[in-house]
Protein chains: 2
Amino acid sequence: MTVLLVGTVIFSYGQSSTATYKEDFKPSSVNQQGKVYPQVNSEGCVRAQILAPEAHHVRLDIGGVKYEMTKDEKGLWTGTSAPQDEGFHYYQLNIDGASVPDPGTTYFYGAGRLGSGIEIPAHDEEFYALKDVPHGLVSEKTYFSKLTASWRRCFVYTPPGYEKDLSKRYPVLYLQHGSFEDETGWASQGKADLILDNLIASGKASPMIIVMDNGYAYKPQAVGEAPPAGRPVSIFEDVLIQEIIPMIDGTFRTKADRTNRAIAGLSMGANQTMRIIMNHLDVFSNYGGFSGTSNYPSTDPIDVNSFLNGAFKNGKEVNQKIKVFWLGLGTKEPNPFPGSVGAFKKMLDQQGIAYHYYESEKTAHEWLTWRRCLKEYASKIFK
Amino acid sequence: MTVLLVGTVIFSYGQSSTATYKEDFKPSSVNQQGKVYPQVNSEGCVRAQILAPEAHHVRLDIGGVKYEMTKDEKGLWTGTSAPQDEGFHYYQLNIDGASVPDPGTTYFYGAGRLGSGIEIPAHDEEFYALKDVPHGLVSEKTYFSKLTASWRRCFVYTPPGYEKDLSKRYPVLYLQHGSFEDETGWASQGKADLILDNLIASGKASPMIIVMDNGYAYKPQAVGEAPPAGRPVSIFEDVLIQEIIPMIDGTFRTKADRTNRAIAGLSMGANQTMRIIMNHLDVFSNYGGFSGTSNYPSTDPIDVNSFLNGAFKNGKEVNQKIKVFWLGLGTKEPNPFPGSVGAFKKMLDQQGIAYHYYESEKTAHEWLTWRRCLKEYASKIFK
């Protein structure tokens, strides 16, 4: 039996039970201007609402967990989720079997599509808040890639002051997204620009340029050629080294040498960028792996002779070449991430390779983990 | 009776009749990556598709006209519109009474919300196509407005070469959106960056900076103060003159004088910017009104003594002060636009004020009209 308290409402909860919610719901910070729903309460519950008078089955779907919504006499459906982790989550509505974005939110590219997002206020959200500090610019750069025979796009963060002192040059961080995400992620749900603005304002990070490109890149298929069997082979490494870096160095006032270049990525991007730096120690001198390593998805002990063609065999040389070797992981990440990163760390320990290891408290394989990783990593490089 | 031809399909058409379509549908150019629907055929018909197995009534809604969709045995709904005008249109799907974005498209801010868009290829689309020419940058600039007590944002186009010759300064066009749109419109569905890239590459326009800000700006409401009765009073003019222009001149390498400043806008933006230039002839020397004038929505003859405080009374002075006075309109625009712009032109004629007048063939109050207007207007200014 449930007691109905003043200021609380009973809704169906998850798939079956009923629950009460703390009735201090506020509009999500990433709603479209003027949109009152979705809302979030102080327990991290998400409440969505949509007018669908003719519908007979509407659900709120956050991270694959579906919450039943209920209809009032005007055809307005309302539903509330269980408490969510602090930070950003992708979600959608399901209206009579159709999975659609919630018309109340702004949209974010993830899970292979532009969809709704919700922001659960985090206790440490100040580090990515829009504050009264000098702000850098985020620029959209369109360029033609000969290797992929296609137009590509990247977003480039230039730090506050970039437009003022035109003689100054800056180090560059190449920062990659995860699988089924794209070049928009880091400057949108990643809040990379605000994180750097705040770090630079407080003197915790050196002013730097950040390049956020798309990690998917494939050879063009010749006319009449049969499509390749299985997964196409990524040529992102070639695109980055042969096309993106020269284009960035030719467009922005960069310090164009290995000591002033860092590379980092999240999940698939962590895997990709580790391979890239180990193949190009002449190009980069700092690595950041956020929730990922190149041995993914294996959790087995790493054979240092064969892994990445023996790139970690000579631990002393790795220590000499890589100034900052940085790994981060959320404490709530599912397998195989902890096992896989754990096996990688064990190998580094055995090889005597120095590294930083950071754990994001109470976050899973999601953007608050990666915002925190960027904050920590960006504070260490180019010093 | 309808004859079913090979290669054609019969669908319900508009609200009632049936029709056949030319079966040469192709995915819309503004779809999300990899999304096959919506599609457009060579007649300008739009075909949408959505999986909604439990739904019983799904419609495609383009510009308020609703087209019934039909369901197959797998729960996939398909519907096709009547031929649409060339260019860009906002649209949405309606699933059992819920109006939602189509999950197949990218999203555009218009009609007061982020929603789906569709691109009907235009016979003259080359002028806004992504081509192998040097490309400028579009930067997102966040700034705090003291007048509105809020964070605001603008997008700034800097032309190709801006990053190369650091001694060069550029003229600036301030370019405004229409009602229920925002600062994202011109560089997204407006394709302002591509239009300028192409014009500059062909030598038809001078390299310029374009600033695209949000035309909605209001005084903050004091704590405890009652909300104003009726519509709040816009303070965009003050924000532009006192905050945006100094911020732009302080951030970018502008030529900061009236001869090197132009202002233009579409619809509501045309109305706003005409008032602004006539109040600030010391700040701007070029005006562009795309589908709008400040006498809107009136179609009555203009009383030159009272209109905009007599700003057009002295035609000779207006001719001296405004180098390019430019007006544009689509031939399919609904009332009161033709009548209102017509009355305004008559006043200019009577006052002996020189102006350019352009008509966009076979387009209505939509973005292809405004893309064409920008192309024509940008070719005339700063010469």
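Among all residues of segment A:122-144, there is at least one that is more than 10 Å from chain B (Cβ to nearest Cβ) and buried (at least 21 other Cβ atoms within 10 Å of the Cβ).
Flag not set for A:Glu68, criterion: farther than 20 Å from A:Gln92 by Cβ and either at pLDDT below 95 or not hydroxyl-bearing (Ser, Thr, Tyr) (or both). Taking the condition in the same structural domain as B:Tyr216 (by TED's automatic domain parsing), at pLDDT 95 or above and hydrophobic (A, V, I, L, M, F, W, C), does B:Ala256 pass? Here the answer is yes, as B:Ala256 does meet what is asked.
Quick one: A:Lys146 ticks every box in (1) at pLDDT 95 or above; (2) among the basic types (Lys, Arg); (3) closer than 25 Å to B:Ser139 by Cβ bar one, so which box is it? Of (1) at pLDDT 95 or above; (2) among the basic types (Lys, Arg); (3) closer than 25 Å to B:Ser139 by Cβ, only one is false for A:Lys146: (3). Taking A:Asp85 as the residue in question, decide whether it is assigned to a loop (DSSP other than H, G, I, E, B), within 19 Å of the chain's Cα centre (by Cα) and not assigned by TED's automatic domain parsing to the domain that holds A:Lys332. Answer is yes for this residue. The residues of segment A:42-72 that are crowded, with 17+ Cβ neighbours inside 10 Å, under 21 Å from B:Pro53 (Cβ atoms) and more than 14 Å from chain B (Cβ to nearest Cβ) amount to a single one, A:Tyr67.
Looking only at segment B:347-356, decide whether some residue is under 24 Å from the mean Cα position of the chain (by Cα) and either surrounded by 18 or more Cβ atoms within 10 Å (Cβ to Cβ) or modelled with pLDDT under 95 (or both). Checked against the condition, which is being under 24 Å from the mean Cα position of the chain (by Cα) and either surrounded by 18 or more Cβ atoms within 10 Å (Cβ to Cβ) or modelled with pLDDT under 95 (or both), segment B:347-356 yields no hits at all.
Taken over segment A:104-121, the residue count meeting the criterion of being open to solvent by 30 Å² or more (accessible area, probe 1.4 Å), in a loop (DSSP other than H, G, I, E, B) and closer than 24 Å to B:Asn94 by Cα is 2.
Taken as a whole, the condition of being under 23 Å from the mean Cα position of the chain (by Cα), within 14 Å of chain A (Cβ to nearest Cβ) and closer than 27 Å to B:Gly330 by Cβ does not apply to B:Gly269. Scan segment A:233-284 for residues that are in contact with a Ser or Thr (Cβ under 7 Å, 6 or more places away or on another chain), of a type outside the set (A, V, I, L, M, F, W, C) and either within 30 Å of A:Glu163 (Cβ to Cβ) or open to solvent by less than 10 Å² (accessible area, probe 1.4 Å) (or both) and the total you get is 5. When each of A:Gly75, A:Gly104, A:Gly112 is tested for being farther than 27 Å from A:Thr184 by Cα, within 13 Å of chain B (Cβ to nearest Cβ) and of a type outside the set (D, E, K, R), the lone residue that passes is A:Gly75. All conditions but one from (1) farther than 26 Å from B:Val283 by Cβ; (2) within 11 Å of chain A (Cβ to nearest Cβ) apply to B:Thr80; the one that does not is (2). Kindly provide the set of residues from segment B:211-232 that are loosely packed, with under 15 Cβ neighbours inside 10 Å and within 14 Å of another protein chain (Cβ to nearest Cβ), ordered by number. The answer is B:Pro232, and nothing else. Filtered by the rule that a residue be under 23 Å from the mean Cα position of the chain (by Cα) and of a type in the set (D, E, K, R), segment B:45-65 gives a lone residue, B:Asp61.
Taking each residue of segment B:189-209 that is touching a residue at least 60 places away in the same chain (Cβ under 8 Å) and looking for partners that are charged (D, E, K, R) with beta-carbon atoms closer than 6 Å, six or more apart or interchain, yields B:Lys191/B:Arg371; B:Ile195/B:Lys375. The set of residues from segment A:221-244 being of a type in the set (A, V, I, L, M) and within 20 Å of A:Glu183 (Cα to Cα) comprises A:Val233, A:Ile235, A:Val239, A:Leu240, A:Ile241, A:Ile244. Report yes if some residue within segment A:296-311 is touching a residue at least 60 places away in the same chain (Cβ under 8 Å) and either in the same structural domain as A:Thr142 (by TED's automatic domain parsing) or open to solvent by 20 Å² or more (accessible area, probe 1.4 Å) (or both); otherwise report no. No; the residues of segment A:296-311 include none that is touching a residue at least 60 places away in the same chain (Cβ under 8 Å) and either in the same structural domain as A:Thr142 (by TED's automatic domain parsing) or open to solvent by 20 Å² or more (accessible area, probe 1.4 Å) (or both). With respect to being touching a residue at least 60 places away in the same chain (Cβ under 8 Å), more than 26 Å from B:Ala111 (Cα to Cα) and part of a loop (DSSP other than H, G, I, E, B), B:Leu166 fits the description.
Would you pick out the residues in segment A:145-175 that are among the aliphatic types (A, V, I, L, M), open to solvent by 10 Å² or more (accessible area, probe 1.4 Å) and within 10 Å of another protein chain (Cβ to nearest Cβ)? Selection gives A:Leu166 alone.
Here B:Lys191 passes the criteria (1) buried (at least 22 other Cβ atoms within 10 Å of the Cβ); (2) at negative phi except the one numbered (2). The set of residues in segment A:83-101 that are more than 8 Å from chain B (Cβ to nearest Cβ), polar (S, T, N, Q) and open to solvent by 30 Å² or more (accessible area, probe 1.4 Å) comprises A:Gln84, A:Gln92. Here A:Ser28 meets the list (1) small (Gly, Ala, Ser); (2) over 22 Å from the mean Cα position of the chain (by Cα); (3) open to solvent by less than 60 Å² (accessible area, probe 1.4 Å); (4) away from every other protein chain (no Cβ under 12 Å) almost entirely, failing just condition (2).
The values are calculated or read from the model by the stated rules, or taken from the named source; none is laboratory data. This is a predicted model, so every value here is computed, not measured. Cβ: placed from backbone, ideal geometry, glycine included. Neighbour counts: every protein chain shown. For accessibility, only protein heavy atoms count, side chains too; no ligands or nucleic acids. Shrake-Rupley method; radii C 1.70, N 1.55, O 1.52, S 1.80 Å.
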